[in-house]
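Here's the structure, in structure tokens; my notes come after.
The values are calculated or read from the model by the stated rules, or taken from the named source; none is laboratory data. Quantities reported herein were computed from a predicted structural model and do not represent experimental measurements. As a convention, Cβ positions derive from the backbone with ideal geometry for all residues, glycine included, and neighbour counts pool all protein chains shown. Note: accessible area is taken over every heavy atom of the protein model, side chains too, but ligands, DNA and RNA are not part of it. Shrake-Rupley method; radii C 1.70, N 1.55, O 1.52, S 1.80 Å.
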Amino acid sequence: QASWAQQVHQLAGGGDEQPVAPWKPVVEDPFQAAARRQAAARPAAPGKRLAARLIDTLAVGAVTAVAAVPLGTKAADHVQQKIDAARLSGREVTVWLLDGTTATSLGIVLAVLLLVGVVYEALPTAKWGRTLGKKLLGLQVRDIEAHEPPAFGQALRRWLVYSVPGLLGIGIVGVLWCLFDRPWHQCWHDKAARTFVAG
């Protein structure tokens, strides 16, 4: 008695010279599995997001401090020299804290901060959907529609919208925004980049 697969093979015009392996359905379609994983993504808990952000902030701050400390010391010495010269003059003199020397130092520190942010935050977010802090806590940044890691432009916009208000002192409002946002718990930088943090 020929097997079912062999009978089908014979009806299709094949000979009996080669054994026919029975057809087995795919256990799990990889495309459907990926779609299910994406659809199952849920917003991360705010506590885990905050912990990941603290790790990332410390990492970026530590690298930026390598440039900021020497330049800040140089700028502080420059300002102190101006104050000492004003005192020695014996008359009332306006001492400007921001001049060519201090502005240059500040500009270099800001440029280093932005460069480190692009290398540490934007590039890994675009490539893997996560930074070091997010990797340690099992979080991932995803596009709100595709549920895939964001494109580089999105990741860069996300970093800039996080960092610039942070430098201006109002960034904490944007970060805390995720506590009240529904349903994706997006911060301002997530809304600007159309992303959310899955966990």
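Structure notes:
- Note on Asp84 and Leu179: their simple-model spin labels are 4.7 nm apart, each label 7 Å out from Cα toward Cβ.
- Per residue, the average separation of C-alpha pairs within less than 8 Å and at least 6 apart gives region 76-199 a relative contact order of 20 percent.
- Surface per residue (accessible, 1.4 Å probe) for region 43-198, Å²: 57 Å²
- Ordering Lys134, Lys48 by accessible surface, largest first, gives Lys48, Lys134; the 1.4 Å probe counts only protein heavy atoms, with every chain in place.
- Taking a ≥ b ≥ c as the square roots of the eigenvalues of the Cα gyration tensor, an a/c ratio of 1.5 or more together with a/b larger than b/c marks region 43-198 as prolate.
- Taking 0.36 nm per residue of sequence separation and removing the Cα-Cα distance, the Trp128/Phe31 pair yields an extension gain of 33.0 nm.
- 20 Å reach of a label modelled at Val66, 7 Å along Cα-to-Cβ, counting backbone N of region 106-142: 106-125, 131-133
- Distance violations [Cα-Cα > 27 Å] among Lys48/Lys74; Lys135/Lys191; Lys74/Lys135: Lys48/Lys74; Lys74/Lys135
- Sulfur and carbon atoms: percent of accessible area, region 43-198 [1.4 Å]: 70 percent
- Rounded to the nearest 20 debye, dipole of region 74-148 from Cβ charges on Lys, Arg, Asp, Glu: 220 debye
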